[in-house]
Each structure stands twice: as structure tokens, then as C-alpha cells.
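Colleague: I have a structure I would like to understand better, so I am pasting it below and will then ask my questions one at a time.
Rule-based calculations on the coordinates, nothing more; no lab input. Please read these numbers as outputs of a predicted model, since none were measured by experiment. Heads up, the Cβs are rebuilt from the backbone with ideal geometry, glycines too, and the neighbour counts pull from every protein chain shown.
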Amino acid sequence: MTVKPENALISPTLKFNIITLIAAVVAAVAATSSASLGWPFWAMFMGWVAFFTRGHSAKDACCSYLCLAAGITLGVGAVLAVGALIPVAGPLAFGIVVFVVAMIVVSLRVVAPVNNIPAYFLGLITFFAAHVEPSLIAVAELLSVSGLGSLAAWLASRLQQQVA
């Protein structure tokens, strides 16, 4: 006689609903926490999405977050570089800076384990979408809120694995 694990007794529909509920509850708590701290809660979702660009282990989550964080930092550098080049190059400054940043990011595809190109671009998007002045406070806030999102996604994934 074989013994079925406890979660094998749960119907597929109930499992589906529980897994969905876990993601929704964790996302709601993370969004509420972000908003309560005065952080842009939408940026929490950038960390959440970055988590899903790679495997779901703690190591993969950390590597994806590091790429996202590097992308945010590259965004700061890009804004500063455009500001410095506009007086000299005019609108070409944008193309020059995007070219250099893209060369850096895409070249990092060979640097395992921080070769997560989508996460770098999510970081860049996060910084540009925030419309903040480049400052340590702004960067710290974006790193914190996106880190919360990555952590929340990892937690949701771990809890969902318990059900699946």
C-alpha cells in the first residue's frame, strides 16, 4: 500500500486557487508595505518581475536582484552622462549614452552569474520611470523597494512550492 502525500489529496482546482491566493496576498502585503513607507509601490513590482527572469532559488533571486540594482545604478550614470553631453552633443547625447549603456549591459551576458540582461533593463526602466533626480536617497529608495519586491516574489514562490 502506498501512502499519498497530504497535498496529493488536494484537488487541482483547489491547488490552483491556493497558489493564486498566495501570490495575491503576498503582493498585497508588499504593495501596502511599500506605500506605507512612502515608497513608489509600482517599483516593488519591478523587483517582483526581476525575480521571475531567472530560476526561483535564493541564489538566483539574489543574482537577479543584483542585476536589477546594477541597472538602477547604470540609470543614474546614464542621466548624469546625458546631462554632461547635452551642451556638447545636443539630442545626440541620448543616442551616445544609450549606445554605451547597451554595450555594457549586453556585454555582461558572459559574466555568470550576473548575466541576467532582462533584469539590468528592468533596473534601467525603474530608474527612468521614477523620474527622480540622481541622488543617494533616490537610489536607496529604489533599491529598497525593488528589493522588497524580489523578496516578496521569492517568498510567494516558496509558499507556492509547499502547495504544489
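Colleague: Relative to the Cα centre, what is the charge dipole magnitude of segment 11-163, using +1 at the beta carbon of each Lys and Arg, -1 at the beta carbon of each Asp and Glu, and rounding to the nearest 20 debye?
Modeller: 420
Colleague: Show me, for segment 110-122, the HN-Hα J-couplings you get by feeding each phi into the Karplus relation (A = 6.51, B = -1.76, C = 1.60, θ = phi - 60°), rounded to Hz, glycine and proline as x.
Modeller: 9, 9, 5, x, 9, 10, 9, 4, x, 5, 4, 5, 4
Colleague: Here's another thing I want to ask about it. Farthest toward the dipole's positive end in the chain, which of ALA70, VAL163, VAL145, given Cβ charges of +1 (Lys, Arg) and -1 (Asp, Glu) about the Cα centre?
Modeller: Farthest towards the positive pole: VAL163.
Colleague: So if each residue of separation counts as 0.36 nm, and I subtract the Cα-Cα distance between GLN161 and ALA102, what length gain in nm does that give? Intermediate values should be presented prior to the final figure.
Modeller: Details: separation 59, 0.36 × 59 = 21.24 nm, distance 3.58 nm.
Length gained, GLN161 through ALA102: 17.7 nm.
Colleague: Here's another thing I want to ask about it. Step through the residues of segment 43-49 one at a time and calculate ³J(HN,Hα) from phi using the Karplus curve (6.51 cos²θ - 1.76 cosθ + 1.60, θ = phi - 60°), rounding each to whole Hz and writing x for Gly and Pro.
Modeller: Computed from phi, the couplings for segment 43-49 are 5, 4, 5, 5, x, 4, 5 Hz.
Colleague: More than 18 Å apart: what percent of Cα pairs in segment 63-115 qualify?
Modeller: Values: 507 of 1378 pairs.
Within segment 63-115, distances greater than 18 Å cover 37 percent of Cα pairs.
Colleague: Using the Kirkwood formula over every pair of different C-alpha atoms, what hydrodynamic radius in Å results for segment 11-163? Could you put the intermediate results ahead of the total?
Modeller: On the way: mean 1/r = 0.0612 Å⁻¹.
So the Kirkwood estimate lands at 16.3 Å.
Colleague: While we're looking at this one, here's another question. Can you give the FRET efficiency for ALA23 and ILE117, using 1/(1 + (r/R0)^6), R0 = 30 Å, r = Cβ-Cβ distance, to the nearest 0.05? Show your work: numbers first, answer last.
Modeller: Numbers: r = 25 Å, r/R0 = 0.83.
Using R0 = 30 Å, I get an efficiency of 0.75.
Colleague: If a/c stays under 1.5 just call it rounded; otherwise compare a/b with b/c (prolate if a/b is bigger, oblate if not). Do that for segment 69-159, with a ≥ b ≥ c from the square roots of the Cα gyration tensor eigenvalues.
Modeller: Verdict is oblate for segment 69-159.
Colleague: Tell me the mean residue ellipticity at 222 nm calculated for the chain from its helices only (DSSP H runs of n ≥ 4, each -39500 (n - 2.57), averaged over every residue, nearest 500). Provide the component values of the computation, followed by the final result.
Modeller: Details: 6 runs with 126 residues, N = 164.
The per-residue figure over the chain is -26500 deg cm²/dmol.
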